[in-house]
1. Can residue 102 be described as at pLDDT below 95, among the β-branched types (Val, Ile, Thr), surrounded by 15 or more Cβ atoms within 10 Å (Cβ to Cβ) and in contact with a strand residue (DSSP E or B) (Cβ under 7 Å, 6 or more places away or on another chain)?
2. Would you mind stating whether residue 111 is polar (S, T, N, Q), under 24 Å from residue 270 (Cβ atoms) and either over 17 Å from the mean Cα position of the chain (by Cα) or assigned by TED's automatic domain parsing to the domain that holds residue 182 (or both)?
3. Considering each of 140, 160 in turn, give the residue that is surrounded by fewer than 17 Cβ atoms within 10 Å (Cβ to Cβ) and part of a loop (DSSP other than H, G, I, E, B).
4. Only one of 244, 275, 260, 253 is surrounded by 15 or more Cβ atoms within 10 Å (Cβ to Cβ) and in contact (Cβ under 8 Å) with a residue 60 or more places away in the chain; which?
5. Would you point out the residue of segment 31-46, among those that are outside any helix (DSSP H, G or I) and in contact (Cβ under 8 Å) with a residue 60 or more places away in the chain, that is surrounded by the most Cβ atoms within 10 Å (Cβ to Cβ)?
6. What helices (runs of 4 or more DSSP H), lying completely within segment 163-275, carry at least 2 residues that are hydroxyl-bearing (Ser, Thr, Tyr) and not assigned by TED's automatic domain parsing to the domain that holds residue 114?
Amino acid sequence: MNKNIDQDVINDFGKEWDTYDQSKLNLKLDEAYLQYFNLLPEKYLNSSAIGFDAGCGSGRWAKFVAPKVKTLYCFDPSQKALNVAQRNLSNFNNCFFECKSINEFSVLDESMDFGYCLGVLHHLPNTLSALSHCVSKLKKGAPFLLYIYYKFDNKPLWFKFIWRCVDVIRKLICRFPFKLKLVITRLIAIVIYLPLARLSFFLELLGMNVSNIPLSDYRKKTFYFMCTDALDRFGTKLEKRFTKAEISSMMIKSGLSEIKFSNSTPFWVAIGYKK
């Protein structure tokens with residue numbers, strides 16, 4: 001089977017989650033969890049529900065989902081990342097772990113009551129293939145929640161220009177040894193993420209619309225969260241971006257319907273239901 005993976009990406013994320021294992025965040029992830037999961041009706045996360053977390057990483061989202069459901073299958077192609085997830089979810093006896101790629105994980109087709117894949121599909125060689133594999137595991141009518149990097153299709157031209165400049169820097173930094181990437185991305189978090197995030201926070205207090213200020217989504221998030229995402233953003237060699245229309249098309253092709261997108265950051269979070 002085509003594993004649909006980039007080994008460099010797997011290695012990078014394994015080291016990322018081993019470094020930033022999210023255990024320091026504790027309950028400070030509440031707001032971020034709601035940003036991702038506000039589209040998923042609570043009725044699907046119930047005591048009889050069985051679902052999966054595709055590309056679970058550190059298990060930071062599974063920590064919120066596991067207490068609500070009967071069984072949660074957590075998959076990740078990085079054993080190092082999966083070890084972190086197992087530690088973070090050690091208080092739950094309803095989580096099962098498998099070190100497999102999204103195109104390989106082994107739950108039965110049409111057996112899952114829900115599934116989600118957040119921040120993973122844009123790091124895979126074939127995004128549509130991975131999405132289709134996830135959908136194949138769902139029962140008819142079951143929801144699938146995803147988060148895929150957007151192509152700034154809802155932003156002004158000047159915002160896109162800034163991103164293109166930053167992406168040139170990313171393509172350079174991502175090739176460095178991990179320890180050097182770690183130092184550089186922490187500096188980026190200090191001198192770029194933190195000042196822009198706090199500026200957005202204070203401007204919002206003054207009643208201003210901060211949606212077009214770069215990194216405004218971090219205005220209420222911790223510095224630890226910023227360090228994690230800076231390493232994610234600048235340290236990963238394979239990164240793809242999609243418009244809302246492109247994501248919707250992939251969701252339809254993979255067998256989802258009743259597609260809905262979140263109108264708030266991060267973009268794009270979407271949900272669809274298995275036909």
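The values are calculated or read from the model by the stated rules, or taken from the named source; none is laboratory data. Fair warning: this is a prediction, and the values are worked out from it, not measured in the lab. Every residue, glycine among them, receives a Cβ derived from its backbone with ideal geometry; neighbour counts consider all protein chains shown.
1. Taking the combined requirement at face value, the residue satisfies it.
2. In short, yes.
3. Working: 160 fails: part of a loop (DSSP other than H, G, I, E, B).
Result of the check over 140, 160: 140.
4. Answer to the check: 244.
5. As a first pass, look at segment 31-46 and keep what is outside any helix (DSSP H, G or I): 38-41, 45-46.
Narrowing further to those that are in contact (Cβ under 8 Å) with a residue 60 or more places away in the chain: 38-41, 45.
Numbers: 38: 13, 39: 16, 40: 17, 41: 11, 45: 20.
Top of the filtered list is 45.
6. Correct list: 223-235.
Yes or no, residue by residue, for (1) β-branched (Val, Ile, Thr); (2) modelled with pLDDT under 95; (3) part of a loop (DSSP other than H, G, I, E, B):
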{"position": "16", "(1), (2), (3)": "no, yes, no"}
{"position": "22", "(1), (2), (3)": "no, yes, yes"}
{"position": "29", "(1), (2), (3)": "no, yes, no"}
{"position": "48", "(1), (2), (3)": "no, no, yes"}
{"position": "53", "(1), (2), (3)": "no, no, no"}
{"position": "60", "(1), (2), (3)": "no, yes, yes"}
{"position": "72", "(1), (2), (3)": "no, no, no"}
{"position": "107", "(1), (2), (3)": "yes, yes, yes"}
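The rows are residues; the columns are (1) in contact (Cβ under 8 Å) with a residue 12 or more places away in the chain; (2) not basic (Lys, Arg).
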{"position": "75", "(1), (2)": "yes, yes"}
{"position": "87", "(1), (2)": "yes, no"}
{"position": "104", "(1), (2)": "yes, yes"}
{"position": "117", "(1), (2)": "yes, yes"}
{"position": "131", "(1), (2)": "yes, yes"}
{"position": "144", "(1), (2)": "yes, yes"}
{"position": "151", "(1), (2)": "yes, no"}
{"position": "154", "(1), (2)": "yes, yes"}
{"position": "164", "(1), (2)": "no, no"}
